[in-house]
Amino acid sequence: MGAGKLVKDGAQTITLGDRNTYTGGTDIKAGGLTGSTASFGTGLINVDKGAALTLDQEDQAGLFANTLSGEGQFNKTGAALVAYAGDGSAFAGHTDVQAGELDVMGNLGQSAITVEQGATLSGMGTVGGGDIFGTLAPGQSPAGLGYGTMKLNGDTVMEEGSTLAANVTAYPQASMAEVKGAFTIKDGSTLAVTASKEASLAVGQAYEIVHATQGVNGTFASYDQTGLIASHDLLETAGPHYTANDVQITLNYNGNSFATDANTRDRKASGHGLDGLYHAGRGASLTNLVAGLSNDQRMHALDALDGEIMADSRTAMVNDAFYLRDTVINRLDCATSDLRRQAMGEKGKESGYCDVDPNRRLTVWGTVYGSRGQQSGHGGYDIATHMSDSSVGWIGGADALIGDSAKGDQQWRIGGMLAYGRNMFSNKGGRNSYGTSNNVSIGAYAGTGFKVGGINKDAIITLKLGATYSWDVIHTHRSIRFTGFSQHTSGGQLGGTGQVFAESGYKFMAYAGHHAVELEPFVRMTYLNYQSGNFRERGSIAALQGHGRDSSMGFSTFGFKAATNFRALGIDFTPHMTAAYRYAFGKVNSTLHERFRAAGGGAGWDMSVIGTPVSTNTALLETGIAAHLTNRIDLDVNYIGQYGNHMITSGGTGSLKIHF
């Protein structure tokens, strides 16, 4: 350590230890001086003619940034990497890379160079010309600087058994040797091509890997593209192309399926669709771009292209249909029953939960609803992305009491409903897609109760029936983004959601002193059919078109309901709740057959895409309170929670009933 200069004289070779910090420079006048990158302090190192500087880097990579001068010998030995980042423009001696790798980041432009067999010369700096027996990896920096150009100031010869290691990256960039002189390729030499792991490569474009001002002589005897295929499964090149002054390689699509290595159903579907696009001779701008992506990038592209949002639209419509049947069932929950009136203790009173007064036969009601939920798809091969789903809407209806109990008639509450709702759904996971649906619905319903007597004289068997149909006007939008591609598509389709449902329960009163609680275990069955027409997107070469769907499924729901009454502030209140388990069966998966519009209408090449499925096992919880505000007006508010397979939805309803 210190500011002095180290002077080496005499014929012997001396080896320095590591971690020397002297700052006065080094002068090698004779013999040899050996050390690692940490041995020579800082400052100029001068190597006189006949003397030698040896960097012996055996165990770990090192950075060497000293300035070099002189006409002696500079040797690189040892298996580890040395990155030279200094100014050696004044060094006119010979550089010999005997082992390991020398990464020239700086300037050795006057130094003729030899790369021995088994050794490597790399980097984006400047060296003199020379003889390559090992590997020349121009423009590549293991030190982490990326890829670029190595300048060789003199004739350069690729000797027998040598390798030129070329790396291609985003066009037109490639690791390149720029030779100021002639570039001679002797028989028995090899060209090895690799690609940057995350590089998006250009199909059909020539990458220049050597340019020699005095011409290129000879050809490579062998060509190795193993490193290219390892990161880019869909690319190949027929080998180098030679001009008078250049060596070039052109990358081509090798014809393998775009679905190669795809590990999910939707990725395979996208790859299959791109196969159809390619074989139709259309959409070359898209297929060439995807073919040039790295394997990991291609997986992201297949996700972005799959059009899953169109499959998800079915799940969103099925989810939205829940609010129609739930509202109708709630409206019928006390139809034709006088149990609440009995619990209130005053004839003719109403709880606000439903209309039970036979003297008021017609009721007009309205309900607003809203919800927001999140849902994810299957795992494994059939994995679907995360979907968010929200709904708002209004449901209104009117019903009347039919039958005269005084005459022994079975009384029915019969009515009809009309609804409008708007559903918003989106998915992420690389899709960046969303959709909206405007839904107009109609329906009819009926309910009654059958007294069973027995131990509990107030008990009845309830029966509630309903059917609804919705016209769905669906619009979807996709922002398709992956490496080298950013476009937007939009499309629309018409759908229809029909359902019929029936619920039956055993309703009875339980008493705690003088306080009554109404309980009802129940079972509900639903049959639902969803149909949609064909759809077409527009706005991009990646636009899709799809077939209509017709699929059916069912729900079975088991649970219980409870309600009671109390009076406060002169108002009769009815708190109530429902807890249930719902099982979905039948076509719970939302699938879709589609293809790229640019592929045309030929047979085959359909993409079979799976979206987020309808939750199979779901817990339902509803809780709310109703208020009998006036003799003719009731208000009811509810919280509705649905908790299922990878699904959680929270929503609410508010109902207003007016009796006539």
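The values are calculated or read from the model by the stated rules, or taken from the named source; none is laboratory data. Keep in mind it's a predicted model, so treat the numbers as computed, not measured. Note: ideal-geometry Cβ built from the backbone for every residue, glycine included; neighbour counts use all protein chains shown.
Looking at S200, S222, which is the one that is in contact with a strand residue (DSSP E or B) (Cβ under 8 Å, 6 or more places away or on another chain), assigned by the TED database to the domain that holds T156 and of a type in the set (S, T, Y)? After ruling out the rest, the residue left standing is S222. The condition of being closer than 16 Å to L228 by Cα, of a type outside the set (D, E) and surrounded by fewer than 19 Cβ atoms within 10 Å (Cβ to Cβ) holds for only one of Q205, Q140, that being Q205.
Scan H515, H475 and give me the residue that is surrounded by fewer than 22 Cβ atoms within 10 Å (Cβ to Cβ) and within 33 Å of the chain's Cα centre (by Cα). Even if it seems obvious, please write down each step before you answer.
Working: H515 fails: within 33 Å of the chain's Cα centre (by Cα).
Exactly one residue qualifies, and that residue is H475.
Matching residues to (1) closer than 18 Å to G154 by Cα; (2) under 52 Å from the mean Cα position of the chain (by Cα):
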{"position": "K29", "(1), (2)": "no, no"}
{"position": "S36", "(1), (2)": "no, yes"}
{"position": "G62", "(1), (2)": "no, yes"}
{"position": "S69", "(1), (2)": "no, no"}
{"position": "G72", "(1), (2)": "no, no"}
{"position": "T77", "(1), (2)": "no, yes"}
{"position": "L81", "(1), (2)": "no, yes"}
{"position": "G88", "(1), (2)": "yes, yes"}
{"position": "Q98", "(1), (2)": "no, yes"}
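Those residues that are in contact (Cβ under 8 Å) with a residue 60 or more places away in the chain, more than 18 Å from the chain's Cα centre (by Cα) and assigned to a loop (DSSP other than H, G, I, E, B), I need them from the range 243-287; list them, please. Of everything in the range 243-287, those that are in contact (Cβ under 8 Å) with a residue 60 or more places away in the chain, more than 18 Å from the chain's Cα centre (by Cα) and assigned to a loop (DSSP other than H, G, I, E, B) turn out to be L251, A280, R282, G283. The set of residues from the range 578-635 being under 22 Å from L302 (Cβ atoms) and among the acidic types (D, E) comprises E594, D606.
Counting residues that are under 28 Å from D634 (Cα atoms) and touching a residue at least 12 places away in the same chain (Cβ under 8 Å), which strands (runs of 3 or more DSSP E) fully inside the range 495-575 reach at least 3? If you could, list the steps in order and put the result at the bottom.
Values: elements: 515-532, 535-538, 544-546, 549-564, 566-568.
Per the criteria, 515-532, 549-564.
Which residue is surrounded by the most Cβ atoms within 10 Å (Cβ to Cβ), if the candidates are limited to the range 478-494 and must be touching a residue at least 12 places away in the same chain (Cβ under 8 Å) and hydroxyl-bearing (S, T, Y)? Filtering the range 478-494 for residues that are touching a residue at least 12 places away in the same chain (Cβ under 8 Å) and hydroxyl-bearing (S, T, Y), the one surrounded by the most Cβ atoms within 10 Å (Cβ to Cβ) comes out as T489. Every condition in (1) at pLDDT below 90; (2) part of a loop (DSSP other than H, G, I, E, B) holds for G227 except the one numbered (2). Of the candidates A335, A316, the single residue that is part of a loop (DSSP other than H, G, I, E, B), in contact with a strand residue (DSSP E or B) (Cβ under 7 Å, 6 or more places away or on another chain), modelled with pLDDT under 95 and more than 23 Å from D261 (Cα to Cα) is A335. From the list E160, E178, pick out the single residue that is over 36 Å from the mean Cα position of the chain (by Cα) and assigned to a loop (DSSP other than H, G, I, E, B). The unique qualifying residue is E160. Restricted to the range 189-213, and to residues there that are within 23 Å of T156 (Cα to Cα) and not in a strand (DSSP E or B), the residue that is farthest from the chain's Cα centre (by Cα) is T213. Each residue in the range 193-219 was checked for being without any contact (Cβ under 8 Å) to a residue 40 or more places away in the chain and touching an Asp or Glu at 6+ places or on another chain (Cβ under 6 Å), and 1 pass. Here D357 meets each of (1) at pLDDT 50 or above; (2) buried (at least 22 other Cβ atoms within 10 Å of the Cβ); (3) more than 30 Å from N432 (Cβ to Cβ) with one exception, condition (2).
Test G377 against the stated conditions and say whether it is of a type outside the set (S, T, Y), under 27 Å from I640 (Cα atoms), assigned by the TED database to the domain that holds G307 and at pLDDT 85 or above. Explain how you work it out, then say what you get.
Numbers: of a type outside the set (S, T, Y): yes; under 27 Å from I640 (Cα atoms): yes; assigned by the TED database to the domain that holds G307: yes; at pLDDT 85 or above: no.
So G377 fails the test.
Tallying residues that are assigned to a strand (DSSP E or B) and surrounded by 15 or more Cβ atoms within 10 Å (Cβ to Cβ) within the range 443-463 yields 10. For the residues Y511, Y506, Y434, the requirement of being in the same structural domain as Q411 (by the TED database) and within 30 Å of G421 (Cα to Cα) singles out Y434.
Residue by residue, here is whether (1) at pLDDT below 95; (2) out of contact with any Pro (no Cβ under 6 Å at 6 or more places or on another chain); (3) polar (S, T, N, Q); (4) farther than 20 Å from V7 by Cα holds:
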| position | (1), (2), (3), (4) |
| --- | --- |
| S39 | yes, yes, yes, no |
| G43 | yes, yes, no, no |
| N46 | no, yes, yes, no |
| E58 | yes, yes, no, yes |
| A61 | yes, yes, no, yes |
| L68 | no, yes, no, no |
| G72 | no, yes, no, no |
| T95 | no, yes, yes, yes |
| G100 | no, yes, no, yes |
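Here T483, T476 are screened, and the one residue that is touching an Asp or Glu at 6+ places or on another chain (Cβ under 9 Å) and over 25 Å from S615 (Cβ atoms) is T483.
Within the range 495-512, how many residues turn out to be buried (at least 21 other Cβ atoms within 10 Å of the Cβ), over 30 Å from S433 (Cβ atoms) and of a type outside the set (A, V, I, L, M, F, W, C)?
Summing the residues that are buried (at least 21 other Cβ atoms within 10 Å of the Cβ), over 30 Å from S433 (Cβ atoms) and of a type outside the set (A, V, I, L, M, F, W, C) in the range 495-512 gives 3.
Checking each residue in the range 6-37 for being among the charged types (D, E, K, R), out of contact with any strand residue (DSSP E or B) (no Cβ under 6 Å at 6 or more places or on another chain) and modelled with pLDDT under 90 picks out D18, R19. If you go through the range 464-485 and keep only what is of a type in the set (S, T, N, Q) and assigned to a loop (DSSP other than H, G, I, E, B), you end up with just T483. Annotation note: Cβ proximity below 6 Å between a residue of the range 62-79 that is among the basic types (K, R) and a residue that is buried (at least 20 other Cβ atoms within 10 Å of the Cβ) (sequence gap 6+ or interchain) occurs for K76/L55; K76/V82; K76/V97; K76/L102.
Could you pull out the residue among T114, T126, T135, T156 that is within 18 Å of D224 (Cα to Cα) and among the hydroxyl-bearing types (S, T, Y)? Quick ask: steps written out before the conclusion?
Numbers: T114 fails: within 18 Å of D224 (Cα to Cα); T126 fails: within 18 Å of D224 (Cα to Cα); T156 fails: within 18 Å of D224 (Cα to Cα).
Among T114, T126, T135, T156, only T135 is within 18 Å of D224 (Cα to Cα) and among the hydroxyl-bearing types (S, T, Y).
Would you check if there is a residue in the range 156-164 being within 20 Å of A83 (Cβ to Cβ) and either crowded, with 24+ Cβ neighbours inside 10 Å or assigned by the TED database to the domain that holds D103 (or both)? Step through it out loud before you land on a result.
As a first pass, look at the range 156-164 and keep what is within 20 Å of A83 (Cβ to Cβ): none.
No; the residues of the range 156-164 include none that is within 20 Å of A83 (Cβ to Cβ) and either crowded, with 24+ Cβ neighbours inside 10 Å or assigned by the TED database to the domain that holds D103 (or both).
Taking the condition at pLDDT 80 or above, among the β-branched types (V, I, T) and farther than 17 Å from V328 by Cα, does I383 pass? Taking the combined requirement at face value, the residue does not satisfy it. The condition (being of a type outside the set (G, A, S) and closer than 30 Å to G373 by Cα) is satisfied by just one residue among I249, I309, I229: I309.
Matching residues to (1) modelled with pLDDT under 95; (2) closer than 17 Å to Y223 by Cα; (3) touching a Cys at 6+ places or on another chain (Cβ under 8 Å); (4) not assigned by the TED database to the domain that holds Y84:
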site	(1), (2), (3), (4)
G130	yes, no, no, no
T135	no, yes, no, no
Q140	yes, no, no, no
G144	yes, no, no, no
L152	no, no, no, no
A166	yes, yes, no, no
P172	yes, no, no, no
S175	yes, yes, no, no
